[in-house]
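Visitor: Structure provided below as structure tokens; questions to follow.
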Amino acid sequence: MTGSLDIVGLGPGAEDMVTPEVRAALADATDVVGYLPYVARVAARAGLTLHPSDNRVELDRARHALQMALQGQRVVVVSSGDPGVFAMASAVFEALEDWPAAQALNIRVLPGITAMLAAAAALGAPLGHDFCCINLSDNLKPWDLIERRLRLAAEGDLAMAFYNPRSASRPEGFAKALEVLRASCEENRLISFARAVSTPDQSLLTVPLGQAVPEMADMRTVVILGNSATRSVGKFVYTPRFAR
Ligand code: SAH
């Protein structure tokens, strides 16, 4: 039997935001590998083995998945949102770099709806002009680099989406990020907090940057800061398609 490895995104949470392509890969899998809460979103069935693992062991998880595929299994690695956005796809390719035998495997990356896009759609169109996306976790990069990117993005007047804004282990990071942004952006710049988007717990909050407080975000929140032209219309937030 020829093994295969699909690295898939499960979308932000809602069942109907899982793509048909990802559904088909899961229906055909013999093994599903991933962080426990994501693996829990895959229905158990005969012939399928679930391999949930703890967070922060991405590389071990990737090697385990490749090993099973080399043994002939049809393995699916799951991430939330899109697998290429701060998720497992890069971890698998990292593992592949030191493993020539595994490079011959049939590997596919199947996209999913990333949190930022689901959040933007729920809010209106805050990413309607140029934007960037920054992971605020300093697990894999120094904090100085995060601050520098925030300052440069503000200088470029980009809208920004922030992933992993705030965790119990790094409560001070997001407060520092807000300070850096306040130093470069006007007080009335709109900032939106989109929590648990597309799930029954979804909540959306938009305030001027001057009124934002760190407690408005947690690890289930994606934060979207507008550019200098971002405005609200009715209950929506949008960024015009043109810039001065
Ligand atoms: N690969 C994922 C991102 C993983 S990083 C994706 O493409 O969406 C985890 C971060 O994603 C969380 O801290 C949060 O900032 C964001 N996130 C994931 N799901 C979310 C959801 N349903 N609502 C809001 N933010 C979400």
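Visitor: Can you tell me which of Ala87, Ala161 is surrounded by 20 or more Cβ atoms within 10 Å (Cβ to Cβ), closer than 30 Å to Arg244 by Cα and within 16 Å of the ligand (Cβ to nearest atom)?
Guide: Ala161
Visitor: Here are some conditions: (1) of a type outside the set (D, E, K, R); (2) within 11 Å of the ligand (Cβ to nearest atom); (3) part of a helix (DSSP H, G or I). Val223 meets all but one. Which one does it not meet?
Guide: (3)
Visitor: Give Ala104, Ala65 a once-over and let me know the one that is farther than 27 Å from Cys132 by Cα and more than 22 Å from the chain's Cα centre (by Cα). Please lay out each step first, then the result.
Guide: Details: Ala65 fails: more than 22 Å from the chain's Cα centre (by Cα).
Sole residue among the options that is farther than 27 Å from Cys132 by Cα and more than 22 Å from the chain's Cα centre (by Cα): Ala104.
Visitor: Okay, next question. How many residues, within the stretch 189-211, are surrounded by 15 or more Cβ atoms within 10 Å (Cβ to Cβ), assigned to a loop (DSSP other than H, G, I, E, B) and either out of contact with any helix residue (DSSP H, G or I) (no Cβ under 6 Å at 6 or more places or on another chain) or of a type in the set (Lys, Arg) (or both)?
Guide: Counting residues in the stretch 189-211 that are surrounded by 15 or more Cβ atoms within 10 Å (Cβ to Cβ), assigned to a loop (DSSP other than H, G, I, E, B) and either out of contact with any helix residue (DSSP H, G or I) (no Cβ under 6 Å at 6 or more places or on another chain) or of a type in the set (Lys, Arg) (or both) gives 3.
Residues are listed down the side, and each one gets a yes or a no for (1) of a type in the set (Asp, Glu); (2) modelled with pLDDT of 95 or more; (3) touching a helix residue (DSSP H, G or I) at 6+ places or on another chain (Cβ under 9 Å); (4) crowded, with 23+ Cβ neighbours inside 10 Å:
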| position | (1), (2), (3), (4) |
| --- | --- |
| Ala25 | no, yes, no, no |
| Arg41 | no, yes, yes, no |
| Gln67 | no, yes, yes, no |
| Val78 | no, yes, yes, yes |
| Asp82 | yes, yes, yes, yes |
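Visitor: Kindly indicate whether any position in the stretch 113-122 is more than 15 Å from the chain's Cα centre (by Cα) and within 11 Å of the ligand (Cβ to nearest atom).
Guide: yes
Visitor: Going through the stretch 108-157 one residue at a time, which ones are part of a loop (DSSP other than H, G, I, E, B) and in contact with a helix residue (DSSP H, G or I) (Cβ under 9 Å, 6 or more places away or on another chain)?
Guide: Within the stretch 108-157, Pro111, Gly112, Ile113, Pro126, Leu127, Gly128, Leu136, Ser137, Asp138 qualify.
Visitor: Does the stretch 26-35 contain at least one residue that is in contact (Cβ under 8 Å) with a residue 60 or more places away in the chain and assigned to a helix (DSSP H, G or I)?
Guide: Within the stretch 26-35, none of the residues are in contact (Cβ under 8 Å) with a residue 60 or more places away in the chain and assigned to a helix (DSSP H, G or I).
Visitor: A further question follows. Val109: under 19 Å from Ala29 (Cβ atoms) and buried (at least 24 other Cβ atoms within 10 Å of the Cβ), yes or no?
Guide: In short, no.
The values are calculated or read from the model by the stated rules, or taken from the named source; none is laboratory data. This structure is a prediction, so every number in the text was calculated from the model and none was measured. All Cβ positions, even for glycine, are placed from backbone atoms using ideal geometry, and neighbour counts span all protein chains on display.
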